[in-house]
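To start, the structure itself, in structure tokens.
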Amino acid sequence: MNNFTEFKAFLSTPRHIFITTHFKPDADALGSSLGWAGYLKACGHHVSVVVPSDYPRFLNWMSGNENVIILSDKTKNHIENLLNQAELVCCLDFSGMGRINNLADLIIKADKPILLVDHHIEPTIKPLYDFWDVHAAATAELIFKLILLLDGKNKITKDIGEAIYAGIMTDTASFKHPCTTKYVHEVAGQLIDLGVNTSKVNHLVYDDSTEERLRFLGYMLSKKLVVLPEFRTAYFTVTDAELKQFHSQTGDTEGIVNYALSIEGIVFAAIIIDRGDTVKMSFRSVGDFPANLFSKNHFNGGGHKNAAGGHSFESFDKTLKKFLEILPTYQKELQETVF
Ligand code: 5GP
Ligand code: MN
């Protein structure tokens with residue numbers, strides 16, 4: 001951050017601070033938001049955390065979850081008031097206003113100074129204070145680093161640490177992705193020193209399936225997995241009817257795409273989900289095959305090289321057809337991808 005001294009001085013008196021993160025927050029999004037909120041509150045600031053949509057129930061354990069405001073017709077006025085009062089809007093774990101859906105209009109209208117803390121490519125947000133690093137494994141890693149730069153390590157309680165740890169743990173796929181640097185492990189070590197119970201966080205995030213979610217996963221693996229060896233690609237599709245049949249909740253489809261990537265020889269995986277009004281897609285890859293560029297170029301999306309997402313406003317059938325028509329144009333790249 002170029003103007004770090006100014007930022008530190010800004011935070012030296014109590015401020016009204018508005019924190020937000022992307023649509024359908026994941027553990028990094030919510031963990032970064034609640035970790036940062038916990039720290040700022042401990043410093044005496046007035047803090048609100050506002051998110052553009054609901055999020056999976058396996059994140060509800062995070063400290064501060066009870067005060068998170070979800071944008072809806074009922075909360076819109078209150079959110080506008082909070083934005084009017086705010087002296088700083090913190091945009092965490094997203095790089096473009098397109099990722100916060102209807103909340104974007106309210107934030108743009110309020111026109112307040114922005115702090116961006118993020119690790120996605122090509123940010124289009126123009127922040128006053130910029131803490132962006134595409135090489136960071138998680139936004140939560142950057143939140144930890146920022147708190148340390150602010151000399152705030154003594155304010156990182158076990159609760160704050162566990163929210164931050166959850167973000168790092170999930171965005172690295174439990175310390176598996178290539179972005180898991182020595183520094184990431186060092187941060188995890190420091191969080192353990194601060195009292196974080198890593199095995200508890202792991203259990204809370206990963207061992208929270210309902211019976212129906214597990215049966216849905218079984219159905220997907222046995223009936224919906226398509227493997228295309230010629231493109232070293234495997235994918236799942238999910239229809240609206242199937243989501244209803246299994247009473248799918250927010251978060252129930254998360255992680256399924258990784259099973260497709262775990263097949264020997266497969267370097268690119270996708271899940272295509274019919275959500276009624278839009279078709280949501282998740283992409284995963286290994287090695288140098290850029291899932292984010294694939295998503296950006298064809299499906300209005302983005303993300304990281306090996307984990308990206310996008311969406312399509314065309315019908316589910318047309319979207320799937322388009323995906324299958326595009327694959328052959330990447331055949332050479334897919335065949336040559338090495339880990
Ligand atoms: P997921 O597949 O888990 O939803 O997302 C994987 C990664 O891609 C995350 O880093 C997420 O922020 C990013 N991502 C997911 N959906 C979108 C999207 O619609 N647009 C952009 N730009 N990034 C996305
Ligand atoms: Mn992230």
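If the limit is 25 Å between Cα atoms, which of 109/305; 41/145; 8/305 go over it? With Cα atoms farther than 25 Å apart: 109/305; 8/305. Accessible area per residue was computed with a 1.4 Å probe on protein heavy atoms; residue 73 scores about 150 Å². Charge dipole of the chain (Cα centre as origin; +1 on each Lys and Arg Cβ, -1 on each Asp and Glu Cβ, all else neutral): 100 debye, rounded to the nearest 20.
Using a Förster distance of 30 Å, how high is the FRET efficiency between residue 207 and residue 69, based on the Cβ-Cβ distance and rounded to 0.05? Rounded to the nearest 0.05, the efficiency is 0.60.
Straight-distance candidates among the aspartates and glutamates for linking to residue 155, with alpha-carbon spacing under 15 Å and chain neighbours fewer than 8 residues away dropped: 193. The heavy atoms of residue 192 offer some 90 square angstrom of accessible surface to a 1.4 angstrom probe. A Förster radius of 51 Å combined with the Cβ-Cβ distance from residue 321 to residue 12 puts the calculated FRET efficiency at roughly 0.35. Applied to region 122-131, the Karplus parametrisation 6.51 cos²θ - 1.76 cosθ + 1.60 on θ = phi - 60° returns per-residue 3J(HN,Hα) values of 6, x, 10, 6, 10, x, 6, 10, 10, 10 Hz, with x for Gly and Pro. The packing ranking of peptides 110-116, 291-297, highest mean first, is 291-297, 110-116, where packing means the average number of other beta carbon atoms within 10 angstrom of each residue. In this structure, the pairs whose alpha-carbon distance is over 23 Å, taken from 224/318; 280/322; 176/280; 224/322; 24/223, are 176/280; 24/223. Taking 20 °C and 1.002 mPa s as conditions, region 4-206 diffuses translationally at an estimated 128 µm²/s according to Stokes-Einstein applied to its Kirkwood radius (Cα pairs). Overall, region 190-339 carries a charge dipole of about 220 debye about its Cα centre when +1 sits on the Cβ of Lys and Arg and -1 on the Cβ of Asp and Glu, all other atoms neutral. Please state, as a whole number in µm²/s, the translational diffusion coefficient that the Stokes-Einstein equation yields for the chain at 37 °C and 0.692 mPa s, with Rh defined as the Kirkwood radius across alpha carbon pairs. Estimated diffusion coefficient is 159 µm²/s. Charge dipole (Cα centre; +1 on Lys/Arg Cβ, -1 on Asp/Glu Cβ; no other charges) of region 277-333 amounts to roughly 80 debye. For the chain, adding -39500 (n - 2.57) for each run of n ≥ 4 DSSP H residues and dividing by the number of residues yields -11500 deg cm²/dmol at 222 nm. Overall, the ratio between the Cα radius of gyration of region 132-222 and 2.2 N^0.38 Å, rounded to two decimals, is 1.25. Can you give the relative contact order of the chain as a percent, counting alpha carbon pairs under 8 Å and 6+ residues apart? Worked out over the chain, it gives 13 percent.
Treating each Cα of region 211-336 as an identical point scatterer and summing with the Debye formula, the log10 of I(q)/I(0) at q = 0.11, 0.21 Å⁻¹ comes to -0.34, -1.26.
So the label point goes 7 Å from the Cα of residue 134 along Cα→C-beta, right? Which residues of region 276-299 then have their backbone N under 11 Å from it? Those under the cut-off are 293.
Could you tell me the center-to-center distance, by alpha carbons, between region 129-158 and region 17-90 in angstrom? Going from one Cα centre to the other spans 17 Å. Taking only the alpha carbons of region 215-265, we obtain Rg and Dmax values of 11.6, 35 Å in that order. Considering only 259, 39, 165, the Gaussian network model of the chain with Cα springs below 10 Å gives its largest mean-square fluctuation to 259.
Ignoring ligands, DNA and RNA, what percent of the 1.4 Å accessible area of region 211-336 is carbon and sulfur? In region 211-336, the share of accessible area belonging to carbon and sulfur is 52 percent.
The values are calculated or read from the model by the stated rules, or taken from the named source; none is laboratory data. What you see is a predicted model; the values in this text were computed from it and never measured. Positions of Cβ are backbone-derived with ideal geometry, glycine not excepted, and every protein chain shown enters the neighbour counts. Calculation scope for accessible area: heavy atoms of the full protein, side chains included, ligands and nucleic acids excluded. Shrake-Rupley method; radii C 1.70, N 1.55, O 1.52, S 1.80 Å.
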